[in-house]
Structures are given as structure tokens and as C-alpha cells.
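Where a number appears in this text, it was derived from the coordinates with a stated rule and is not lab data. Keep in mind it's a predicted model, so treat the numbers as computed, not measured. Please note: Cβ atoms are built from the backbone with ideal geometry, for glycine as well, and neighbour counts cover all protein chains shown.
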Amino acid sequence: MKLVYFASVREAIGLSSEDRDIPCDARTIGDFVIWLRGQSQEHAVALDDLSRLRFALDQNMVTADALLGDGKELAIFPPVTGG
Amino acid sequence: MKKVRISNTPITTEAELSTLAGIGGGALSSFTGIVRDDGGVTAIELEHYPGMTEVCLSQLIEAATARWSLLGAVVTHRVGIVPVGDPVVVVGAASLHRAEALEATAFLIDRLKTDAPFWKREHYADGTAKWVEAKLSDDTRSERWA
């Protein structure tokens, strides 16, 4: 799956995007994010608090309990602050 | 007439609203967000999610036109570095009479704040920068349109 990061999450991880295989026991976005924390110190810090993260699966806003399904692109970012 | 525009160069309210102004309605309402000099802020930097942003803003306009009888609506948002005093966002709605345009304008900017994938970073005179935190009051304003 393609992962896309924005704003403070992008800075903390040090990447704007990366490709990762979904582990077979990850069903939801939350499962996948918890697994991602173990991939590096930077991921652990950036993804530490699920309640402060927002997600878009194939560019649709979803919550952490949403199923990954056949999604191609998962974006992870802090709450939006436009306008 | 429905238009969404993401601009990495300066925008003006007048130019963004010019088409709506000539559309023939009796009412044109708009909101312009301007970078504030908040405690030494010199500029803000805006990042967005290309692709999703345009779709999200178009969906907001569709929702507004489904809810109110509008002749047209526009949303223009800056990205990149925007200095204090410059517009960040222009939202406009045109209708036959004022009520629809006024309410649709408030709806569009309130929902944009909570739904559209933009992120702001404040730059200060001493060269430091800080990501802006989302505000609970914005969620409250957005939810009143549910």
C-alpha cells in the first residue's frame, strides 16, 4: 500500500510517502498504524497517539476503525487547519 | 457556475468573485480569510493533499447548492507561503436574494475549515516556525450545519 504523510506527521517520519506491504493480521487502519509504529523510531514518535491522527483511504476521510479492504493509498496526517 | 481553485500565487477577493458578480443574481456574499499578525507571525505556509483537496472542495460546493438555491459558488485557497495581510481563502456564493448566499457562504467556510485537507504552519520573525493546532471552536461551528 502507498502511504502518504502530511504536515507534522511528514516531518516527524522524514518522508512524504513510502510503500509498505500490509501485514496479514492488519484488518483496520488502526491495526496497520500500530504495526507501522514498530518500523522505526521516527514512525513510533509520529504515530504515537491515534486520537491526534486523521486518515484518508483513497482520498476519502475515514476513522481508525475503518477496514483497509482493497485500498491503494492511505494518507496519515494531523487534524486539518485550512481556511 | 461552480469553481474551485488552488493557487500558489497571490489572490484577490475581487478577481475571484468577478464571475459571480456578473451572474445576474441580486445577492453576492463572500468571505475572505487574511493572514493575521498573531504574536509575531510574519507569514503562514500552507500545505495540502493535491487531488483530494479539489474533490473535497467541489463536494462542499455540491452540498451547498443542494441545500440552498444558488446561482453559483466559488472557493479559492492559497497554498505555499502567504505573508501577513494577504488573503488565504476566498469563498463566494451568488443567489437571487441575500439569505441563501449568506448562509451558503458561512456553510462553505465552516466546513472547509474542518473537512478540507490543508495544514498551516506559522513563521515568526526570529526564523522559527510552528504547525497550527486545530481548534475545537471550528468543529463546533462546522457541526451546526449537520
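Figures for the structure shown
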item: The stretch B:7-110 - percent relative contact order, Cα under 8 Å, separation 6 or more; result: 44 percent
item: Under Karplus coefficients 6.51, -1.76 and 1.60, residue-wise ³J(HN,Hα) of the stretch B:122-127 in Hz, glycine/proline x; result: 8, 9, 10, 4, 7, x
item: Table column - 3J(HN,Hα) (Hz), the stretch B:17-27, Karplus curve with 6.51, -1.76, 1.60, x for Gly and Pro; result: 9, 4, 5, 5, 5, x, 7, x, x, x, 9
item: Relative contact order of the stretch B:69-146, pairs being alpha-carbon contacts under 8 Å that are 6 or more residues apart, as %; result: 22 percent
item: Spatial extent of chain A: Rg and Dmax, with the Cα atoms as the point set, Å; result: 11.6, 39
item: Shape of the stretch B:82-146, Cα gyration tensor, a/c cut at 1.5; result: oblate
item: Size of charge dipole - the protein assembly as shown - debye, nearest 20, with Cβ of Lys, Arg +1 and Asp, Glu -1, no other charges; result: 560 debye
item: Amide proton proximity set for B:VAL35, modelled H, under 5 Å, gap of 5+; result: B:GLY85, B:ASP86, B:VAL88
item: For B:ALA43, residues with placed amide H under 5 Å, excluding near neighbours; result: B:VAL84, B:HIS123
item: DSSP loop trypsin sites (Lys or Arg not before Pro) with at most 15 other Cβ within 10 Å excluded, longest remaining stretch of chain B; result: B:37-134
item: Under 5 Å, built H, 5+ apart or other chain: amide partners of A:ALA66; result: A:ILE29, A:GLY30
item: DSSP-loop GluC sites (Glu not before Pro) across the stretch B:47-129, with at most 14 other Cβ within 10 angstrom; result: none
item: Order of B:MET1, B:MET52 under a 10 Å beta carbon neighbour criterion, fewest first; result: B:MET1, B:MET52
item: For peptides A:71-81, B:17-27, sequence by mean Cβ density within 10 Å, most packed first; result: A:71-81, B:17-27
item: Proximal lysines relative to B:LYS130, as straight alpha-carbon distance under 17 Å, when same-chain residues fewer than 8 apart are discounted; result: B:LYS120
item: Peptide B:109-121 - average C-beta neighbours from other chains (10 Å radius); result: 5
item: Karplus-derived HN-Hα couplings along the stretch B:74-85 (A = 6.51, B = -1.76, C = 1.60, θ = phi - 60°), whole Hz, x at Gly and Pro; result: 9, 9, 10, 10, 7, 10, x, 7, 10, x, 3, x
item: All Cα pairs of chain B, percent lying beyond 20 Å; result: 48 percent
item: Spatially proximal aspartates and glutamates relative to B:LYS3 (Cα-Cα < 16 Å; intrachain offsets below 8 disregarded); result: B:GLU14, B:GLU16, B:GLU54, B:GLU62
